[in-house]
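Everything below concerns the one structure shown next.
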Amino acid sequence: MHKYGLLVIDMLKDFVYGSLKCERAQRIIPNIKELILTARNSDIPVIYANDSHIAGVDHEFRLWGQHAVRGSEGALVIDDLKPTDKDFIVSKRRYSAFFETGLDPLLRELGVDTLMLTGIHTHLCVLHTAADAFFRCYNLIVVRDAVEAFTDEYHVWGLNFMEKFYGAKLMTAAEVLKLIKG
Ligand code: ZN
């Protein structure tokens, strides 16, 4: 019996509607929403991994410009997917949700051995999080219609890479919902 954890990566105002807006991210909102609601009702921890950058400082700004600055409106999770008190929030300053964050000990304490990945972007934060999860021996499910990227090419490339090199299982949201509900 696996203990699942649902990870929601970077579904923030800046990434979906704001400075790094991605229209393709908007179409996965309903699937993520349904997964979150079902997870909450099934005793599966919901963990948000959110970019939370320090204004004027973070290394990543060289590539992307300022985004998801800590304390700003753009760094908040979009209203449709708002966390509740029952959920967990991990703040990150790099692509990976594991890098210099408390995610790994949190997952251990929750007894999670299998991570279900949702959010954006398939080839960036999702992929780097998958890499770090693989290095730490977690099983991976990538919900293929609950992750997205700027282009279809990046999205498909990211999915294939995670499947091939991190052993990630690619599943649809419908399949995952069925799995959760047993
Ligand atoms: Zn960032």
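Any read-out appearing in this document is the output of simple, stated calculations on the displayed coordinates, not a laboratory observation. None of the values given here were measured: they were computed from a predicted structure. Here the Cβ is made from the backbone with ideal geometry for all residues, glycine too, and neighbour counts use every protein chain on show.
Cβ neighbours within 10 Å, averaged per peptide: list 92-100, 111-119 in order, most packed at the top.
Details: 92-100: 19.6, 111-119: 21.6.
Highest mean packing first, the order is 111-119, 92-100.
Here the sum of -39500 (n - 2.57) over DSSP H runs of 4 or more residues, divided by the residues of the chain, equals -10500 deg cm²/dmol at 222 nm, to the nearest 500. Shape analysis of segment 90-182 places it in the oblate category; the axes a ≥ b ≥ c from the Cα gyration tensor give an a/c of at least 1.5, with a/b not above b/c.
How long is the gain from Q26 to K164 if the chain were fully straight, where each residue apart is worth 0.36 nm and the alpha carbon distance is subtracted? Walk me through the numbers before you get to the answer.
Working: separation 138, 0.36 × 138 = 49.68 nm, distance 2.70 nm.
My answer for the length gained is 47.0 nm.
M162: net charge of surrounding residues, Cβ under 11 Å, Lys/Arg +1, Asp/Glu -1, itself excluded? With Lys, Arg at +1 and Asp, Glu at -1, the net is +2. Note on D80 and N41: their simple-model spin labels are 1.9 nm apart, each label 7 Å out from Cα toward Cβ.
Here the convex hull built on the C-alpha positions of segment 32-86 has a volume of 98 cubic angstrom per residue. Compared with the alpha-carbon gap, the fully stretched path from K181 to F135 is longer by 13.7 nm at 0.36 nm per residue.
Taking the Cα centre of segment 14-91 as reference, the dipole from Cβ charges on Lys and Arg (+1) and Asp and Glu (-1) amounts to some 140 debye. Among L81, L63, L159, the residue with the largest mean-square fluctuation in a Gaussian network model of the chain, with springs joining Cα atoms closer than 10 Å, is L63. For the chain, the share of DSSP beta bridges that are antiparallel, to the nearest 5, is 5%.
If contacts are Cα pairs under 8 angstrom and at least 6 residues apart, what is the relative contact order of the chain in percent? Could the numbers behind the result be given before it?
Working: 346 pairs, mean separation 49.0, N = 182.
So the answer I get is 27 percent.
Taking a sphere under 12 Å around the Cβ of L107 and counting the other residues whose Cβ falls inside, with K and R at +1 and D and E at -1, yields a net charge of -1. Bridgeable lysines around K92 (alpha carbons under 16 Å apart, same-chain partners fewer than 8 residues away excluded): K13.
Charge tally for P83 (other residues, Cβ to Cβ under 14 Å; Lys, Arg +1; Asp, Glu -1): 0. Counting only Cβ charges, +1 for Lys and Arg and -1 for Asp and Glu, the dipole size of segment 33-182 around its Cα centre is about 240 debye.
So if I take the alpha carbon set of segment 1-48, get Rg, then get Rh from the Kirkwood formula, what is the Rg over Rh ratio? Mind showing how you got there, number by number?
Details: Rg = 12.5 Å, Rh = 11.7 Å.
Across segment 1-48, the Cα-based Rg/Rh ratio is 1.07.
The residues I36, I141, I9, I54, when put in order of fewest to most other Cβ atoms within 10 Å, stand as I54, I141, I36, I9.
Do me a favour and compute the ellipsoid semi-axes for the chain from its Cα gyration tensor, root of five times each eigenvalue, largest one first, whole Å.
Working: eigenvalues 106, 60, 56 Å².
For the chain, the ellipsoid semi-axes come out as 23, 17, 17 Å.
For segment 105-124 versus segment 38-83, the inter-centroid distance based on Cα atoms is 15 Å.
With both labels modelled 7 Å from their Cα along Cα-to-Cβ, the V156 to V57 distance reads 4.2 nm. Shown is the FRET efficiency for K3 and R70, computed with R0 = 30 Å from the Cβ-Cβ distance and rounded to the nearest 0.05: 0.45.
Taking a 25 Å limit on the Cα-Cα distance, which of the listed pairs K21/K164; K82/K181; K82/K169; K21/K169 fall beyond it? If you can, show how the numbers build up before the last one.
Numbers: K21/K164 29 Å; K82/K181 22 Å; K82/K169 27 Å; K21/K169 28 Å.
Where the Cα-Cα span goes over 25 Å, the pairs concerned are K21/K164; K82/K169; K21/K169.
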